[in-house]
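In what follows, a structure is listed as structure tokens, so that the remarks can point back to it.
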């Protein structure tokens, strides 16, 4: 299972907003430059994140984007699901309720393996918040103000 650039870049953009949480709106241009993501692509990602309520836009000369909730309330899994869809290594174990891909799903031994893989990935992604990422970045950079997150 491999994530696309939607998930990778979207998480980086959200991390950038988390780093600056409580400091006011952040422009797309600033996120684009600091994270090395093209502005047009970033606009598409932010639109999806905004529609899901993970990001809010602020209009005006000093406008930009802010997180829709505190960094401690946004899990990596929330972001990945918005940008990549349900977390599942195969269609038959999709997180979407009621979906089955074949008539053997109830007796398929391999399906239980894929369910365990799905659950393990989900558990990891849902156990990490943007605040956790900011804390880890601060530890890694030890004192570099660029990576310190303001958790208000």
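What to note about this one:
- Residue among 50, 12 that is in a helix (DSSP H, G or I) and within 17 Å of residue 131 (Cα to Cα): 12
- Per-region count, segment 80-103, residues modelled with pLDDT under 95, within 22 Å of residue 47 (Cα to Cα) and buried (at least 19 other Cβ atoms within 10 Å of the Cβ): 1
- Checklist (1) surrounded by fewer than 15 Cβ atoms within 10 Å (Cβ to Cβ); (2) at pLDDT below 95; (3) assigned to a loop (DSSP other than H, G, I, E, B) applied to residue 110, failing item: (3)
- Lone unmet requirement of (1) within 15 Å of residue 13 (Cα to Cα); (2) modelled with pLDDT of 90 or more for residue 123: (1)
- Out of 10, 64, 77, sole residue that is surrounded by 13 or more Cβ atoms within 10 Å (Cβ to Cβ), touching a strand residue (DSSP E or B) at 6+ places or on another chain (Cβ under 7 Å) and either under 24 Å from residue 138 (Cβ atoms) or free of Cβ contacts under 8 Å to residues at least 40 places away in the same chain (or both): 64
- Breaking point among (1) buried (at least 17 other Cβ atoms within 10 Å of the Cβ); (2) within 25 Å of residue 136 (Cβ to Cβ), for residue 4: (1)
- Counting the residues of segment 4-45 that are over 17 Å from residue 72 (Cβ atoms) and under 11 Å from the mean Cα position of the chain (by Cα) gives 8.
- Long-range neighbours under 6 Å by Cβ, at least six apart or interchain, first residue at positive phi and free of Cβ contacts under 8 Å to residues at least 12 places away in the same chain within segment 17-30, second surrounded by 14 or more Cβ atoms within 10 Å (Cβ to Cβ) and not in a helix (DSSP H, G or I): none
The values are calculated or read from the model by the stated rules, or taken from the named source; none is laboratory data. Please read these numbers as outputs of a predicted model, since none were measured by experiment. Neighbour counts are summed over all protein chains in view; Cβ atoms, including those assigned to glycine, are modelled from backbone coordinates with ideal geometry.
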